[in-house]
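This report concerns only the one structure given below.
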Amino acid sequence: MTTDHRFELTRLAIGQHPSERLSPDEFKQVKDARSGIIALLYIEEKFALLVENFVEFESALLQLALRNSMFGGVTWDSMLNDSMSVARRLVNLLSTGRLYIDQALHDVSQNFGHDLHRQLDAQFSSQYDSSLGYRAMNELRNYTQHKGLPIDGLGYTHHIESDPSFRIRVSTEPTLSFESLRGNFKKTVLSDLERLGDQIKVVPLVREYMHALGNVHEWLRHNTHAKYEQWSSVLARLFERARILFPNDLTGVGIVELDLSDHHYYSAYLNEDWRKRIDALRVQNRNFSHFESHYVSEM
C-alpha cells in the first residue's frame with residue numbers, strides 16, 4: 001500500500017459527496033474484511049447451489065414415482081425419457097459438488113492462508129477415506145465428465161406394506177451396472193461397490209455423498225467463525241461512521257484510495273446486507289446431517 005496515497009470512506013457515485021479520511025491501517029482492515037466476508041458469502045452460495053441441485057434430484061424421483069403410480073403405462077420410450085430426466089439432475093448435482101470442493105479450497109487459500117487450506121483439504125480427504133458414497137460420487141463425476149451418463153438403468157419398485165394396513169409404496173430407483181464402469185472407475189472403489197450387491201443403487205450413495213460434504217461445510221463454518229465475527233465487526237463500525245455522513249441512504253457507500261492527482265487507485269463498494277445473506281443461507285442449509293438417513297414420503 002502506497003503511503004502517500006489518501007484513503008477515504010465516501011459514496012462511490014457521480015458528483016460531489018461527503019467523505020471521511022481513513023488511516024492506511026483502517027483502510028487495509030476494511031479492505032481485508034470486505035474480501036473475507038465476500039469469500040464466505042460465495043462459499044455459502046456454492047453450498048446452497050449444491051443443496052438445491054440435491055433437492056431437484058430427489059424431487060424428480062418423487063415426481064416420477066407419483067406419475068408411475070397414477071398413470072402407469074410405462075413404455076420403452078417413456079423409460080428413456082424418465083432416465084434422462086434423472087440423469088440430467090444427477091449430472092448437475094455432481095458438477096456442483098466438484099465446483100464446491102475446488103472453489104472452497106481456492107477461496108480458503110486466498111483469504112485464510114495455507115494452514116486452513118491444508119486442514120480443509122485434509123477434511124475432504126477424510127471424507128473420501130470414510131465414506132463410500134463420497135468416493136463413488138467423486139469417481140462417478142469423473143466418469144460422467146469423460147465417459148458416459150451417471151445412470152444406465154431406471155426402475156419403478158412396488159413394495160407391499162401390510163402394517164397397519166395393506167398398501168403399495170412406489171419408488172423410483174436409478175441404477176448403474178458394473179459392466180459399464182469397469183476400466184473407467186478406480187478399481188478400489190469399484191471393489192467396495194461390488195460388496196453391496198450385483199447392481200449399484202445410486203440414491204443411497206448420493207445421500208451419503210451429501211452427508212459427507214455437509215460435514216465438511218459445517219467444519220468450515222466452525223473454523224472460520226472467529227474471522228467472520230472479526231470482519232463483521234470491522235464493517236459494522238465503518239457503517240456506523242457512514243451513517244453520520246449519509247444518514248438517509250447508504251446506497252453506493254464504499255472505500256477509495258486516491259493517488260496524488262486525486263485519481264482512483266482503488267475503490268470498492270460495501271454492502272451492509274452481506275452478513276444478513278450469509279446468516280440466512282446458514283439457517284436455510286443447516287439440516288445437512290440427515291441427508292444420509294432421512295427420506296421424504298407422502299405417508
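The values are calculated or read from the model by the stated rules, or taken from the named source; none is laboratory data. Just so we're clear, the structure is a prediction, and the values are computed from it rather than from any experiment. Note: ideal-geometry Cβ built from the backbone for every residue, glycine included; neighbour counts use all protein chains shown.
The set of residues in region 223-261 being exposed (fewer than 11 other Cβ atoms within 10 Å of the Cβ) and aliphatic (A, V, I, L, M) consists of Ala226, Ile244, Leu260. Quick check on Asn138: is it on the phi < 0 side of the Ramachandran plot, buried (at least 20 other Cβ atoms within 10 Å of the Cβ) and among the polar types (S, T, N, Q)? So Asn138 fits the description; yes. Listed here are the helices (runs of 4 or more DSSP H) enclosed by region 41-150 that have at least 1 residues being farther than 25 Å from Arg282 by Cβ, among the acidic types (Asp, Glu) and in contact (Cβ under 8 Å) with a residue 40 or more places away in the chain: 76-112, 132-146. In region 96-117, which residues are small (Gly, Ala, Ser), under 14 Å from Ser35 (Cα atoms) and out of contact with any His (no Cβ under 8 Å at 6 or more places or on another chain)? Scanning region 96-117 gives a single hit, Gly113. Could you list, in sequence order, all residues of region 231-282 that are polar (S, T, N, Q), part of a loop (DSSP other than H, G, I, E, B) and more than 25 Å from the chain's Cα centre (by Cα)? Those that are polar (S, T, N, Q), part of a loop (DSSP other than H, G, I, E, B) and more than 25 Å from the chain's Cα centre (by Cα): Asn248, Thr251, Ser261. For beta carbons closer than 9 Å, sequence separation of 6+ or different chains, a first residue in region 229-248 that is closer than 15 Å to Ile38 by Cβ and a second that is of a type in the set (Asp, Glu) and not in a helix (DSSP H, G or I), the qualifying pairs are Leu235/Glu272. Number of residues in region 151-167 that are touching a residue at least 12 places away in the same chain (Cβ under 8 Å) and either more than 16 Å from Val202 (Cβ to Cβ) or within 29 Å of the chain's Cα centre (by Cα) (or both): the value is 7. Comparison of Phe185, Phe166, Phe178 shows that the only residue that is modelled with pLDDT under 95, surrounded by fewer than 17 Cβ atoms within 10 Å (Cβ to Cβ), among the hydrophobic types (A, V, I, L, M, F, W, C) and touching a Leu at 6+ places or on another chain (Cβ under 9 Å) is Phe178.
Every residue, every condition in (1) at pLDDT below 95; (2) under 30 Å from His264 (Cβ atoms); (3) exposed (fewer than 15 other Cβ atoms within 10 Å of the Cβ); (4) within 32 Å of the chain's Cα centre (by Cα), yes or no:
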{"residue": "Arg21", "(1), (2), (3), (4)": "no, yes, yes, no"}
{"residue": "Asp25", "(1), (2), (3), (4)": "no, yes, yes, no"}
{"residue": "Ile38", "(1), (2), (3), (4)": "no, yes, no, yes"}
{"residue": "Leu41", "(1), (2), (3), (4)": "no, yes, no, yes"}
{"residue": "Val51", "(1), (2), (3), (4)": "no, no, no, yes"}
{"residue": "Phe54", "(1), (2), (3), (4)": "no, no, no, yes"}
{"residue": "Phe57", "(1), (2), (3), (4)": "no, no, no, yes"}
{"residue": "Asn68", "(1), (2), (3), (4)": "yes, no, no, yes"}
{"residue": "Val74", "(1), (2), (3), (4)": "yes, no, yes, no"}
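Kindly provide the set of residues from region 262-277 that are out of contact with any strand residue (DSSP E or B) (no Cβ under 7 Å at 6 or more places or on another chain) and either among the polar types (S, T, N, Q) or surrounded by 14 or more Cβ atoms within 10 Å (Cβ to Cβ) (or both), ordered by number. Once the filter is applied, which keeps residues that are out of contact with any strand residue (DSSP E or B) (no Cβ under 7 Å at 6 or more places or on another chain) and either among the polar types (S, T, N, Q) or surrounded by 14 or more Cβ atoms within 10 Å (Cβ to Cβ) (or both), region 262-277 yields Asn271, Glu272, Trp274, Arg275, Arg277.
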